[in-house]
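Working notes for the structure below.
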Amino acid sequence: MFKTKIGNLDLETCIYNASGVYCVEFGELLKLADPGFSNSVILTKSCTLEPRIGNNLPRYYDTKLLSINSSGLPNLGYQFYCDNAHIIKEHSEFKKPYILSISGLTLEDNYKIITEAVNNNFIDGIELNLSCPNVIGKPQVGYDFTIMEEIIRKASEIIETGRDARLESGSGFLFGLKLPPYFDISHFDMACDIINNSNVQSLTCINSIGNGLVIDTEKELVAIAPKNGYGGIGGTVIKPTALANVHYFYRNTKCSIIGCGGISRGMDAFEHILCGASAVQIGTHFHKKRNVCFKEILTELGSIMKSKNYKTIDDFRGKLVHYK
Ligand code: SIN
């Protein structure tokens, strides 16, 4: 009922974690690999060349409707996530693909990490994160279309070379991007042009909405410490922006779309799929509910599908109706 495909990767279910939440440490990745949980992919925290401790605490805060984070890419360094891919995948009985999220601090760092990933047969693909809003002094690549084009072109070359070698061993490799939210149609179109001239196969829409400000009114204090309180906004309030991005990229590229933003119930996942998502990622709600959230959302999604007589997610994926 929930089987799906992103690029050439077959997934048992259409739900998994958003990069960032409970996917930094070895033990967290092992939990994601647990065959008893309904998530279908093990997606790592966005990694950099060197390990990072990230921004100052407190750096995460949430309310019923939203979350704000400015973690600043705390991670154990790409080598850790590459070296442990085999053990973590084995724990999933090799049923869940292992995808490396990458957010190198320079172009060269990204190319080095991508090269290592595509040459590791236990890594099934990458999600190149062009959209982290929280590294002090580093603009979001997804908003600079010149750099975005350059990084995608070079990453495509590296991946094509690596793929040839992998094909001999029979394993494919997913090239995915994680995009920031776009708000203006001219920006959507510029991003689509770049993507349509590349070998990118999947798009995760969207990362958090960057540089929001949440206030603890009791204390008259910013909710988080880094960047004077500015951070990425997630949770229920970002769902309309996420849906518009899923819908636009679904209609205007050939990529598989992974919907992310504002999903805490089966109906939220249903809406993302109706807009064209082939799978959904859970961030803020995963943070609140931990791994049980995957099963809960799928159970609700299954009831919605039954009530509408849909047998597979392809029966309604992308079939959102418009006024004439
Ligand atoms: C962070 O580590 O600050 C979040 C990563 C992201 O938003 O891409």
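Some points to look at:
- In the set PHE270, PHE286, only one residue is within 16 Å of the ligand (Cβ to nearest atom), touching a helix residue (DSSP H, G or I) at 6+ places or on another chain (Cβ under 7 Å), closer than 27 Å to GLY7 by Cβ and not in a loop (DSSP other than H, G, I, E, B); that residue is PHE286.
- Residues of region 90-110 that are open to solvent by 20 Å² or more (accessible area, probe 1.4 Å) and in a helix (DSSP H, G or I): GLU90, HIS91, LEU107, GLU108, ASP109.
- Evaluation of GLU93 against (1) within 14 Å of the ligand (Cβ to nearest atom); (2) on the phi > 0 side of the Ramachandran plot (one fails), failing number: (1)
- Selection of strands (runs of 3 or more DSSP E) fully inside region 192-265 by the criterion of at least 2 residues being of a type in the set (A, V, I, L, M) returns 209-213, 256-260.
- When residues of region 171-183 are limited to those that are part of a loop (DSSP other than H, G, I, E, B) and open to solvent by less than 70 Å² (accessible area, probe 1.4 Å), the one farthest from VAL280 (Cα to Cα): SER171
- The listed residues are TYR248, TYR230, TYR310, and the only one of them that is over 26 Å from TYR22 (Cβ atoms) and in contact (Cβ under 8 Å) with a residue 60 or more places away in the chain turns out to be TYR248.
- Whichever residue in region 237-252 is β-branched (Val, Ile, Thr) and surrounded by 19 or more Cβ atoms within 10 Å (Cβ to Cβ) and, among such residues, is farthest from ARG59 (Cα to Cα): VAL246
- Test: residue in region 277-292 that is at pLDDT 95 or above and farther than 20 Å from THR44 by Cα: yes
- One residue stands out among those in region 262-297 that are in contact with a Cys (Cβ under 8 Å, 6 or more places away or on another chain) and open to solvent by 10 Å² or more (accessible area, probe 1.4 Å): the one that is nearest to CYS132 (Cα to Cα), which is GLY283.
- Subset of region 129-170 (residues that are within 19 Å of the chain's Cα centre (by Cα), polar (S, T, N, Q) and either surrounded by fewer than 13 Cβ atoms within 10 Å (Cβ to Cβ) or more than 16 Å from the ligand (Cβ to nearest atom) (or both)): SER156
- Selected residue (criterion: farthest from the ligand (Cβ to nearest atom)) from residues of region 22-61 that are open to solvent by 30 Å² or more (accessible area, probe 1.4 Å) and in a strand (DSSP E or B): TYR61
- Screening LEU76 against (1) farther than 17 Å from ILE99 by Cβ; (2) within 16 Å of the ligand (Cβ to nearest atom) leaves a single unmet condition, (1).
- Of all residues in region 172-204, those satisfying the criterion of being closer than 14 Å to GLU127 by Cα and in contact with a helix residue (DSSP H, G or I) (Cβ under 6 Å, 6 or more places away or on another chain) are PHE173, PHE175, LEU179, PRO180, ASN199, LEU203.
The values are calculated or read from the model by the stated rules, or taken from the named source; none is laboratory data. Source: prediction; values computed, not measured. With ideal geometry, Cβ positions are generated from the backbone for all residues, glycine too; neighbour counts draw on all protein chains shown. Accessible surface areas use protein heavy atoms only, side chains included; no ligands, DNA or RNA. Shrake-Rupley method; radii C 1.70, N 1.55, O 1.52, S 1.80 Å.
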